[in-house]
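What follows is a short report on a single structure.
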Amino acid sequence: MAKLPKLIDPFDRSIDYLRVSVTDRCDFRCVYCMSENMTFLPKKQLLSLEELDRICSIFIKQGITKLRITGGEPLVRRGIIDFFKSISRHLDSGDLKELTLTTNGSQLEKFAPRLAECGVKRINVSLDTLDPNKFSQITRWGRLSQVLKGIEAAQKSGIRIKINTVALKNTNEDELLSLTNWCASNDMDLTFIEVMPMGDIGNEKRLDQYWSLEELQQRLSQKYKIVNLDEKTGGPARYIKLIDLNLKVGLITPLSHNFCESCNRVRLSCTGQLHQCLGQEDEADLRNVLRQNPIEDEPVIKAIKNAIALKPKGHDFDYSRKSIFGGISRHMSHTGG
Ligand code: SAM
Ligand code: SF4
């Protein structure tokens, strides 16, 4: 494929990582992500799988080398495996270096072997607790055993798993050591995430959910010898190693540390809005330009370039004044976490 000039933002950051939300729907209703009675978008507002394929391919032409498929729950979108199969042609050509996804794991048992066939080598599975009752409380609709079977199936298919755990005050604080031990003994990486102020979540209160990862790390250090790793992925995570367990742990700390200066990514929502920053309301509508130009790619290429030229420096999330500042009205499931 003929390559176009790379995408560089106004702060000289090279954008080579695209996250794509393929649906806002989900088979879970996690308390920090959605309210129980979510209203989902009319299906015609979503990009079709063909449109998603086209726009991802244009991004790849413009230098995106890592593509993460997310949602909502990406594996509940009908036809999603055909989409992965089609996109995997860019892995075969070498234009794409990594095709991956973030999932709640509920459908992994069914899909893991086919994802592996499509060239998926690593998957992030979101899991906040190993206690079945707590799991039902957090996800409202999920079953832990189903997710554990999914993880096992993925590992059997040769896919490496990273567990993503949202640190939740009074909810999974007491599982810190069991989660780290479980990941270490099952050869999985682990990343903790601070809860972010995104979307209306009904009666759940953000500040009650927020557990700072600084405090989490302090607790880990009471039990394990910790070294800071120098690893930089251009992403929000910084990494530490728990020497005793030989476990690498990622810490995503949008609230207690700002992570924006090395940001290399943008996000495409399921409706074709390009979000240059997860923590800002700015967006560029790519769906319209895509639909108005069903054959000609040039206007879409230009629209992407223009959108990257508006990427802001960073987010403004802040809980430090004991109230929520910089919150975002859209849900993570719409933009893609
Ligand atoms: N359904 C898939 C899943 O749960 O992995 C993919 C989409 S989900 C929106 C992506 C990630 O965002 C998950 O790891 C989830 O825990 C995280 N997430 C959702 N809402 C969040 C919030 N308000 N703050 C921090 N993380 C959040
Ligand atoms: Fe669904 Fe993922 Fe949001 Fe949970 S975090 S409700 S699994 S989209």
Net lengthening on full extension, A2/E51 (0.36 nm per residue, minus Cα-Cα) = 15.6 nm
If the viscosity is 0.692 mPa s and the temperature 37 °C, what translational diffusion coefficient in µm²/s does Stokes-Einstein give for region 32-94 when Rh comes from Kirkwood over Cα pairs?
-> 244
Any cysteine of the chain lacking a neighbouring Cys Cβ under 4.7 Å - listed by number = C26, C56, C118, C183, C260, C263, C270, C277
When you count, for each residue, the other Cβ atoms within 10 Å and take the mean per peptide, how do 60-72, 2-14, 85-97 rank with the highest first?
-> 60-72, 85-97, 2-14
E261 versus I226, label points 7 Å from Cα toward the beta carbon: distance in nm?
-> 2.1
Dividing the Cα radius of gyration by the Kirkwood radius, what Rg/Rh value follows for region 1-156?
-> 1.00
Find out how many positive minus negative residues lie around E214, taking Lys and Arg as positive, Asp and Glu as negative, among other residues whose Cβ is under 12 Å from that of E214.
-> 0
So which aspartates and glutamates pass the test for K66, namely a Cα distance under 13 Å, with those fewer than 8 places away in the same chain ruled out?
-> D16, D95, E98
With both partners inside region 12-335, how many of the DSSP beta bridges are antiparallel, as a percent to the nearest 5?
-> 30
Members of K85/K121; K162/K241; K97/K162; K110/K169; K121/K311; K3/K305 lying beyond 24 Å, as alpha-carbon distances in this model show = K110/K169; K121/K311
Partners for K44 among aspartates and glutamates (Cα-Cα distance below 17 Å; same-chain residues under 8 apart left out) = D24, D53, D285
Please work out, to two decimal places, the log10 of the ratio I(q)/I(0) at q = 0.08, 0.12, 0.15 Å⁻¹ from a Debye calculation in which every Cα of the chain carries one identical scatterer.
-> -0.36, -0.85, -1.39
Highest mean packing first, using Cβ neighbours within 10 angstrom, the peptides 115-121, 189-195 sort as 189-195, 115-121
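No lab work stands behind these numbers, since they all come straight from the coordinates. All values reported here derive from a predicted model rather than from experimental measurement. Because the Cβ atoms are built from the backbone with ideal geometry, glycine has one as well, and the counts that use them run over all protein chains shown.
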